[in-house]
1. Highest first, please rank the peptides A:442-455, A:290-303, A:214-227, A:115-128 by the mean number of other Cβ atoms sitting within 10 Å of their residues.
2. Just want to confirm a number: the relative contact order over segment B:1-48, from Cα pairs under 8 angstrom separated by 6+ residues, in percent.
3. In deg cm²/dmol, rounded to 500, what helix-only [θ] at 222 nm does the protein assembly as shown give when every DSSP H run of at least 4 residues adds -39500 (n - 2.57) and the total is split over its residues?
4. If you filter segment A:429-477 for trypsin sites (Lys or Arg not before Pro), then keep DSSP loop positions with at most 15 other Cβ within 10 Å, what is left?
5. Could you give the distance between the Cα centres of segment A:65-94 and segment A:206-272, to the whole Å?
6. Angle, helix B:9-18 long axis vs. longest principal axis of chain B, Cα atoms, 0 to 90°, nearest 10?
7. So what does log10 I(q)/I(0) come out to for segment A:31-91 at q = 0.14, 0.21, 0.27, 0.30 Å⁻¹, using the Debye formula with one equal point on every Cα and no solvent?
8. Cβ under 13 Å from A:Ala256's Cβ, A:Ala256 left aside: what net charge do those residues give with Lys, Arg +1 and Asp, Glu -1?
Amino acid sequence: MLQKNITDILKLNRFLTDMDLSDLTIKQIQEKLKAKQLSAKDLVLDSLNRIEKLDKKLQAFLTVIADQALDQANQIDKLIGQNKDLPALAGIPFSAKDVFSTIGVKTTACSKILESYIPVYDATAIKELKQAGAILIGKTNHDAFGFGSSTENSDFKVTRNPWDLTKVPGGSSGGSAAAVASGMGLFSLAEDTGGSIRQPACFCGVTGLKVTYGRVSRYGVIAYGSSLDTIGLISRSVSDIACVLEIIAGKDEADATTLSAPVPDYSQNLGKGIKGLKLGVPEQYFENGIDPEIKDSIDLAIKQFENLGAKIQKTSLPYTKYAIPAYYLSGISEVSANLARYDGIRFGYSDDKAKDLESLYFESRAAGFGPEVKRRIMLGTYALSAGYYDAYYKKAQQVRNLIKQDFDKAFEKNDLLIAPVSPFLPFAIGEKAQDPLQMWLADVFTVTINPAGIPGLALPCGFAKNRLPIGFQLIGPQLSEPLLLQAGFAYQEITDWHKRSPMEI
Amino acid sequence: MNKMPKLTSEQVKHVAELARIGLDEKETERFKDQLSAILDFVSKLQEIDTSKTQPLSQTTGLKNVFREDLVKPSLPQEKVLLNAPEKYNGYFKVKPVFD
């Protein structure tokens, strides 16, 4: 039905440009729109065209709102025609992970329990992007509620890696990363609780930013672990991420955990270089178990940072090996509380055969939640239950403090840290799906920073012999987004990994 | 470090009961193994001496965020009820609690 809709729209509407739009940055697009060399309609049609041609294979999108997107493009084009001032992201097509509430557009968290849920309000980040003129084209697939590292835990479809259709795109935001890598929208609004932005960005060869906890409002985003959840971006370049972050960052009365620190101009330091930057290499991230091709690529990136003027120093984060258990115990405990709201009464799946209230709860949740969701709710319930609270939940919060202290110490001597995103290359679809613990271990290098509330930027840095992307992450102290972006931009100025495209259309 | 004892089927059923999730026998057995393996893995944390460490869950140091207690418009009733599986006369309809 949706697919047919796109087909009709593409038949009825002609491109006004024959320009190749895939390599343009947001800044360049804004200039071309103002100069009337390009229209918002062209941009939306280009994205829809790619979805039409590629998404049958990729399965990145759950919902595409072609009509609405085209209507908004026409409104922007009207403003251009009247030589009116354009908002900062005018005409920029984007997608959003299906955890962001979108008014009138189905929002499922990729779980059957929300299969037909239609929000009556927009998440703050969505509202701000729309106000800035950006155009939502659709909602992307991910692991249900963000629980997974491959997008295979979606209750609806399996997204494929655009570089190799037999491999996973990473997760949980796999649909967002696959969409951006394939030019279906210039960026995707996503969410990172333990690596859900950085790992799929790395697996799909694109750029992903996880922000400081509280830097971007979580209002209207379906909750996973509320003390760990952060809203961020996947895009093809650091410069685009800087443009969009400026729109969505800042204090929101509707989310009491947002920070009141002023929002800087994230683009102003791009291009200033990184001479004298103290870049720490944490030894625990390069120990055994990391794929040698990944290690070689990151060693090369470290050399390139050195050539750019960074001072490379060894550093140590001794509690790294405890990050996975500390992160997961914190996360699942919050999951058991956050997902208690799915009771079959106010919204979501409801078992209409249930005879009384109690069986309505049990049966609605039994049928609506997939296995990984049930595992996490049950483990979280266990970790918080009488007699186990001290040994599990409280212990995890104490170790969380030690992990944060590790980073605090490292940032006394280093401005930023550099580390791999994933110990291995994108794995085969099905390879880890049957062993939940193996899937958890895939997050070994990404879950470390969420318990500390600090930001991380994942950047592509090469390809393995089998043409699969390799990436690394820069990690900084809280609110160091300007420096992270400055360093990431400097790297992208001397490399072109982020400009490579997986599929030709 | 002692290995965690495996969860029993009764424990799995008890946790599912607390979490209001209906499980059949097959699921109970499968979860018993999977949850035991994960609990065994996370018990690695017990190696660390945390007797002098405070628990931490709020990482950015925010405390007591206040705002003016102002009356603001809320969502209209029909919108609030839009996604309700069952409704009656402007209310959420709930199954009987007692027989």
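1. My ranking of the peptides, most packed first, is A:442-455, A:214-227, A:115-128, A:290-303.
2. Dividing the mean separation by the residue count of segment B:1-48 yields 54 percent.
3. -11000 deg cm²/dmol
4. A:Lys465, A:Arg467
5. So the separation of the two Cα centres works out to 23 Å.
6. 30 degrees
7. Values, matching the q order: -0.44, -0.80, -1.08, -1.24.
8. Computed value for this residue: +1.
Coordinate-derived values only; no laboratory data. The model shown is predicted, which means the values in this text are computed figures rather than measured ones. So basically every Cβ, Gly included, is an ideal-geometry build from the backbone, and we count neighbours across all protein chains shown.
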